[in-house]
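The structure appears below as structure tokens.
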Amino acid sequence: MTTIRSIELRLVGLPLVTPFRTSFGEMTHKECILARVETDDAVGWGECIAGDEPDFSEEWNAGAWLVLRDLLAPALVGRDVRIEDVERRLAFVRGHPMAKATLVNAVIDAVLRAEGASLGSYVGGVRERVACGVSIGIASSTERLLEQVDGYLEQGYRRIKLKIEPGTDVERVRAVRDAHADILLSVDANAAYSLEDLATFEALDDLALLMIEQPLHHEDLVRHAELQRLVSTDLCLDESIRSAAHASAALELGACRIVNIKQGRVGGILEARRVHDVAATSGAPVWCGGMLETGIGRATNLALAAMPNFTLPGDTSASRRYFAEDLTDPFELAPDGTMAVPSGPGIGVEPDPARLQGCTVRREVVEKE
Ligand code: SMG
Ligand code: MG
């Protein structure tokens, strides 16, 4: 048992090396909240995966800041916590899994650092290196997309995921498939389609895709199940899965056959482990999603991806795919397309103090009154 002395919140901003366009918008800049939890014994870090706007989900930085500062952090500061208690302490707030994950993960990091145990070993990781894929935003042209794909394959990435939206889909994906017959290739629609677009999915079905990620609205498991019956390519759900309960509903309904696990989307590393277990019981593979995290969130994701049922390459790309300078020591891809799972205590990495200071936009500390 350890007492939480204070929780510092920081909004940090880092430019992206290349803009990232999805069906819901373009990002040129990464902005996220970091939490630094100080206990009697150690300091732990957590990164919130929410973005500038409520587009990927309802959560966004300005709202998450208030929920963290005014509700979640005060529920922990000055209290004794054990890993087993932290989710329950935050359960009085309905929803807001991204905000909750920030503190759940930071508390776990602090507790594990004090014990000298790594997050990878805590979650039952079985590998020291994980296979990595890369997610490519909607490009300005097919030529530009093919160049990007070539570049990432040269770096060793083991799976290419293409963002798609209505009108910029089948032809682009076919061009990539024609150029690379044997690669693991997937697409991610970020909920931009409806069942009226069945012809598009039938055309994609001929391109030997590893999966089609989140084709339909995130609340519509029933129609995902209908679509899964109509195409042979495996569907994968991302935005729709916010808890282990959603994962079991989706798998039981046949709404997907693969699950993208983003620990931040489901309320943190503990619920992510439950999603992993639910999928493993159903025989559905999982993989680790990404939200263009800094080194803090990336380290958390890599630990998770070391668990046994993470059998597909994740969106766990190298720091340089996103940032000229990461907040931590950069994560690097080996030529074989794998990345090392940090083995030090907790998440195994820390932000560089000068870089952290340099990119801080806003800072507040919650202490015991
Ligand atoms: O971290 O490499 C990454 C990005 C992976 O495509 C990615 N994430 O829906 O899976 C997804 C998207 C969400 C990005 S929102 C800006
Ligand atoms: Mg996705």
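The values are calculated or read from the model by the stated rules, or taken from the named source; none is laboratory data. This is a predicted model, so every value here is computed, not measured. Here the Cβ positions follow ideal geometry from the backbone for every residue, glycine too, while neighbour counts run over all protein chains shown. Calculation scope for accessible area: heavy atoms of the full protein, side chains included, ligands and nucleic acids excluded. Shrake-Rupley method; radii C 1.70, N 1.55, O 1.52, S 1.80 Å.
Key figures
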| item | result |
| --- | --- |
| Residue among 93, 43, 104 that alone is open to solvent by less than 30 Å² (accessible area, probe 1.4 Å), in contact with a strand residue (DSSP E or B) (Cβ under 8 Å, 6 or more places away or on another chain) and either hydroxyl-bearing (Ser, Thr, Tyr) or not assigned by TED's automatic domain parsing to the domain that holds residue 187 (or both) | 104 |
| Qualifying residue in segment 39-47 (condition: within 16 Å of ligand 1 (Cβ to nearest atom) and among the aromatic types (Phe, Trp, Tyr)) | no |
| Of the criteria (1) without any contact (Cβ under 8 Å) to a residue 40 or more places away in the chain; (2) within 12 Å of ligand 1 (Cβ to nearest atom); (3) basic (Lys, Arg), which one residue 321 fails | (1) |
| Residue within segment 126-140 that is within 25 Å of residue 297 (Cα to Cα), β-branched (Val, Ile, Thr) and out of contact with any Lys or Arg (no Cβ under 8 Å at 6 or more places or on another chain) present | yes |
| Per-region count, segment 208-231, residues among the acidic types (Asp, Glu) and within 15 Å of ligand 2 (Cβ to nearest atom) | 1 |
| Neighbours by Cβ (under 6 Å, 6+ apart or cross-chain): first from segment 238-251, under 15 Å from residue 222 (Cβ atoms); second of a type outside the set (A, V, I, L, M) and in a helix (DSSP H, G or I) | 251/282 |
| Residues of segment 119-147 that turn out to be part of a loop (DSSP other than H, G, I, E, B), of a type outside the set (Gly, Ala, Ser) and more than 16 Å from ligand 2 (Cβ to nearest atom), as a count | 4 |
| Test: residue in segment 324-333 that is under 24 Å from residue 259 (Cα atoms), more than 17 Å from the chain's Cα centre (by Cα) and not aromatic (Phe, Trp, Tyr) | yes |
| Some residue of segment 282-298 being of a type in the set (D, E, K, R) and surrounded by fewer than 24 Cβ atoms within 10 Å (Cβ to Cβ) | no |
| Members of segment 46-74 that are surrounded by fewer than 18 Cβ atoms within 10 Å (Cβ to Cβ), over 25 Å from residue 261 (Cβ atoms) and among the small types (Gly, Ala, Ser) | 62 |
| When residues of segment 240-258 are limited to those that are open to solvent by less than 10 Å² (accessible area, probe 1.4 Å) and over 16 Å from residue 227 (Cα atoms), the one nearest to ligand 1 (Cβ to nearest atom) | 241 |
| Condition met for residue 126 (in the same structural domain as residue 241 (by TED's automatic domain parsing) and buried (at least 18 other Cβ atoms within 10 Å of the Cβ)) | no |
| Subset of segment 337-369 [in a loop (DSSP other than H, G, I, E, B) and among the aliphatic types (A, V, I, L, M)] | 341, 347, 349 |
